[in-house]
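Let me begin by presenting the structure, written as structure tokens, before commenting on it.
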Amino acid sequence: MARVVHPIEQESFRRLRARLDTAHFPPLTRAVVERVIHSAADLEYASDLVTDESDLVKAHAALHAGAPVVVDVEMVAAGITRRETVCRLKDAKAGPGLTRSAHAIRLAYEEVGPGALWVIGCAPTALEELLTLDASPALVIGLPVGFVGAAESKEALRASGLPAVSNVSEKGGSAVAAAALNALLYQPISPKETP
């Protein structure tokens, strides 16, 4: 079923494009950049986001082929439309040297195994924990927010070589992380991606 775009969203994207030329971005990168900017009304994401089009193409195919989507918090899950997600935060417990968010990532990995898309928009410790696992992700959307550990965890994600969407600054959050995944969900499957 085709997604029906509300006139307010259409007008919002028209205004975004009137203020910022995104035509130079490759297709999936453009979709991610525009949807993240739209979710935060923050044009600076155009230069702050770090993406790789070939990673996005592979992740887009995996997503549309049914790869699981794991989120760090329910706020991210609430923002993802048209797709069920796995969030184990309610089942997680903090312990010595382990935050509740990190434990939730361990529990989620035990449930889904390798090949999932991971969407982390809240806790830097969730992203840090994911990087210790042999998760072989289809994509990591690592956009946690905060002054403690957020920029550093995203830098570690980029250094890991995993397929990723991240940003350089401390900003991020549940809305922008969900928006990045929604951008991939909303893009139709191209003929060369059809399984």
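Listed here are the residues, each with its yes/no results for (1) over 23 Å from Val57 (Cα atoms); (2) in contact with a Leu (Cβ under 6 Å, 6 or more places away or on another chain).
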position	(1), (2)
Leu16	yes, no
Leu20	yes, yes
His24	no, no
Ala31	no, no
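If you take the residues in region 70-103 that are part of a helix (DSSP H, G or I) and out of contact with any helix residue (DSSP H, G or I) (no Cβ under 6 Å at 6 or more places or on another chain), which one is least open to solvent (accessible area, probe 1.4 Å)? Checked region 70-103; the qualifying residue least open to solvent (accessible area, probe 1.4 Å) is Ala77.
Which is closer than 17 Å to Ala102 by Cβ and open to solvent by 20 Å² or more (accessible area, probe 1.4 Å), of Glu170, Glu129, Glu155?
Working: Glu170 fails: closer than 17 Å to Ala102 by Cβ; Glu155 fails: closer than 17 Å to Ala102 by Cβ.
Checking each option against the conditions leaves just Glu129.
Table: residues versus (1) under 15 Å from Ser166 (Cα atoms); (2) at pLDDT below 95; (3) in a helix (DSSP H, G or I); (4) in contact with a strand residue (DSSP E or B) (Cβ under 6 Å, 6 or more places away or on another chain).
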| position | (1), (2), (3), (4) |
| --- | --- |
| Met1 | no, yes, no, no |
| Glu9 | no, yes, yes, no |
| Arg15 | no, yes, yes, no |
| Asp21 | no, yes, no, no |
| Val57 | no, no, yes, no |
| Ala62 | no, no, yes, no |
| Ile105 | no, no, yes, no |
| Tyr109 | no, no, yes, no |
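Considering region 23-53, and only residues there that are under 18 Å from Lys154 (Cα atoms) and part of a loop (DSSP other than H, G, I, E, B), the residue that is least open to solvent (accessible area, probe 1.4 Å) turns out to be Thr51. All conditions but one from (1) at negative phi; (2) open to solvent by 60 Å² or more (accessible area, probe 1.4 Å); (3) without any contact (Cβ under 8 Å) to a residue 60 or more places away in the chain apply to Gly161; the one that does not is (1).
Among the residues examined, Ala159 qualifies as of a type outside the set (Ser, Thr, Tyr) and assigned to a helix (DSSP H, G or I).
Being of a type outside the set (Asp, Glu) and assigned to a helix (DSSP H, G or I) is the requirement here; does Thr125 meet it?
Numbers: of a type outside the set (Asp, Glu): yes; assigned to a helix (DSSP H, G or I): yes.
Yes, satisfied.
The values are calculated or read from the model by the stated rules, or taken from the named source; none is laboratory data. All values derive from a computational prediction rather than experimental measurement. Every residue, glycine among them, receives a Cβ derived from its backbone with ideal geometry; neighbour counts consider all protein chains shown. Quick note on the areas: whole protein, heavy atoms, side chains included, nothing else; ligands and nucleic acids left out. Shrake-Rupley method; radii C 1.70, N 1.55, O 1.52, S 1.80 Å.
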